[in-house]
Amino acid sequence: MNCRDARLLLHAWLDDELGAADSLAVARHLQECAACAQRLRNHEQLRGALRGAGLRHAAPAGLQGRIAARLPRAMVAPRRPRQRWMPAAAALAALLVAAIVFAGWQTLQVRRQEQGALVAEAVSGSLRALQPGHLFDVRSTDQHTVKPWFDGRLDFSPVVKDLSAQGFDLIGGRLDALAAHRVAALAYRRHLHVINLFEWPSNALAPGGMRTRDGYHVVQWNDAGMYFVAVSDVAPADLDAFVRAFRATPVAAGEPAR
Amino acid sequence: MGTAAAFEGEVMRHLDAAYNLARWLTRNDADAEDVVQEAMLRAFRFFGGFRGGDARVWLLTIVRNTFYTQRAQTPAAGAVDEFDEAVHGGTDDDDPQAMLLRAVDAQDLRAALERLPSEFREVLVLRELEECSYKEIASIMNLKIGTVMSRLARARARLECELTPAAGGQA
């Protein structure tokens, strides 16, 4: 290696950027050439001086804050084209959410109104049933008499259960209409009170809890594709007990499966 | 994603490096701050297009471009490159002198570095103060790696010349 090449490669050597072969050649040259060896020492001394003299400027204390103060507008709404639609999209999304919420609220209102109407109908149905001669179309304490009676009168087979063991005696059944449905109405007796149970096939979801209207308590529930409404002026606890008993009691074994 | 947080974590943390380069290019505090602020705004604007890689190198490139754009003074990279290549042959026939530590006083060194033409000053700042590799310098200054080496060789020779007692008085 001659001095001309070495003079340049000394820098790559000093900067640790030289490949193995060139490094070996430079090392050999440095052993032979005092001038290049002195050059290398000068470069090393210069490097030591530059790095040791505190020449690196640090950013002034407030600079980052001043930059941040200029960035926020950019940070809130970056001027990148692909995000220009963001405010419009956000507005649209907000509108959509509002529409969905409103639709949901409306549905809820309609549902509430329907529920109110259903409860009112169920109560008046119960009151109507108390009129002389209206309570029963079929008077029987035997579920096996009541249930077949509905056959041919309804397009579904109502659930009729014997709850006498739990203190609720079946006293009869009749046809009724509720929420534009032809429904089966069963009458059970608890002491001196009557519990009217309306049932019809429906997938509508029954609201939980007990409602009270005109002194009558109303409980609704779903079971196996049927919608049930129990209405009575018994104590709320008794009505709850009736609903629990009805739901827990299996359909009588002797009953023909339909 | 949190663009602002990502920018903070990847780019803003190299603020000192950005300021150091800008300060050595402009050679005064006010202009350096202007360059850094403008460079940071540009960096933020283009951050969406930054796909990984070395954020420090990316930022220093923007700082350098901002400086030359603001000065409306193109670094005339091509011309300097040709100059480097032409000079390869060695006008630096001077016999190397042993440097005297006396000359390497921080004040003198700072002044000597500031007197260097900017294309030599910046390559020394990037190499010695920011400790960038040749590859990183090549990327920041838009040079070939071989040119980085020759530029450094010339820059060191000039600075050493400035600092040797015999030549020091000339400046």
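Things to note:
- What the Cβ-Cβ distance of A:Ala235 and B:Ala5 gives, at R0 = 60 Å and to the nearest 0.05, is a FRET efficiency of 0.45.
- Partner shielding of B:156-164 amounts to 3, given as the average count of beta-carbon atoms from other chains within 10 Å of each residue beta-carbon.
- Cα gyration tensor shape for the stretch B:3-70, rounded if a/c is under 1.5, else prolate or oblate: prolate
- Prolate is the label for chain A, because a/c, from the alpha-carbon gyration tensor with a ≥ b ≥ c as root eigenvalues, is 1.5 or above and a/b exceeds b/c.
- Nearby aspartates and glutamates by direct alpha-carbon distance to A:Lys161 (threshold 13 angstrom, same-chain neighbours under 8 apart not counted): A:Asp142, A:Asp169, A:Glu199, A:Glu255
- For the peptide A:38-49, the mean number of other protein chain Cβ atoms found within 10 angstrom of a residue's Cβ is 6.
- Using the Cβ-Cβ distance between A:Thr145 and A:Ser202 with R0 set to 41 Å, the FRET efficiency works out to roughly 0.95.
- About the centre of its Cα atoms, chain A shows a dipole size close to 1800 debye [charges on the beta carbon of Lys, Arg (+1) and Asp, Glu (-1) only; nearest 20 debye].
- For the pair A:Ser124 and A:Leu192, the difference between a 0.36 nm per residue extended length and the Cα-Cα distance amounts to 22.6 nm.
- Residues whose amide H falls under 5 Å from that of A:Val183, counting only those 5 or more places apart or on a different chain, are A:Asp176, A:Ala177, A:Leu178, with hydrogens built in the peptide plane.
- With all protein chains in place and ligands, DNA and RNA left out, the 1.4 Å accessible area ranks B:Arg154, B:Arg121, B:Arg13, B:Arg27 as B:Arg13, B:Arg27, B:Arg154, B:Arg121, largest first.
- With Cα atoms, 0 to 90° folded angle of helix A:236-248 axis to chain A main axis: 80
- Distance between the modelled labels on B:Asp105 and B:Ser133, one decimal in nanometres: 3.9 nm (7 Å Cα→Cβ projection).
- Sorted peptide list for A:242-251, A:156-165, criterion being average Cβ within 10 angstrom, highest first: A:156-165, A:242-251
- Over the stretch A:3-52, accessible surface divided per residue gives 50 Å², non-protein components excluded, 1.4 Å probe.
- Converting phi to 3J(HN,Hα) with the Karplus coefficients 6.51, -1.76 and 1.60 and the offset θ = phi - 60°, the stretch B:4-18 yields 4, 5, 5, 5, 4, x, 9, 10, 4, 5, 9, 4, 4, 4, 4 Hz in sequence order, with x at every glycine or proline.
- Partner lysines for B:Lys144 [C-alpha distance under 18 Å; skip if fewer than 8 residues away on the same chain]: B:Lys135
- Segment A:Ala68-A:Glu114, length gained on full extension (0.36 nm per residue, minus Cα span): 10.8 nm
- For the stretch B:17-56, the square roots a ≥ b ≥ c of the C-alpha gyration tensor eigenvalues yield an a/c of 1.5 or more together with a/b not exceeding b/c, which makes the shape oblate.
- Accessible heavy-atom area order of A:His11, A:His181, highest first, probe of 1.4 Å: A:His181, A:His11
- Karplus 3J(HN,Hα) series, Hz, for the stretch B:43-51 with 6.51 cos²θ - 1.76 cosθ + 1.60 (x for Gly, Pro): 4, 5, 5, 9, 4, x, x, 7, 10
- The mean count of C-beta atoms from other chains within 10 Å of the C-beta of residues in A:26-35, rounded to a whole number, is 0.
The values are calculated or read from the model by the stated rules, or taken from the named source; none is laboratory data. Nothing here was measured: the structure is a model prediction, and the numbers come from that model. Neighbour counts run over all protein chains shown; Cβ positions are idealised from the backbone, glycine included. Side chains are part of the model used for accessible areas, which takes the heavy atoms of the whole protein and leaves out ligands, DNA and RNA. Shrake-Rupley method; radii C 1.70, N 1.55, O 1.52, S 1.80 Å.
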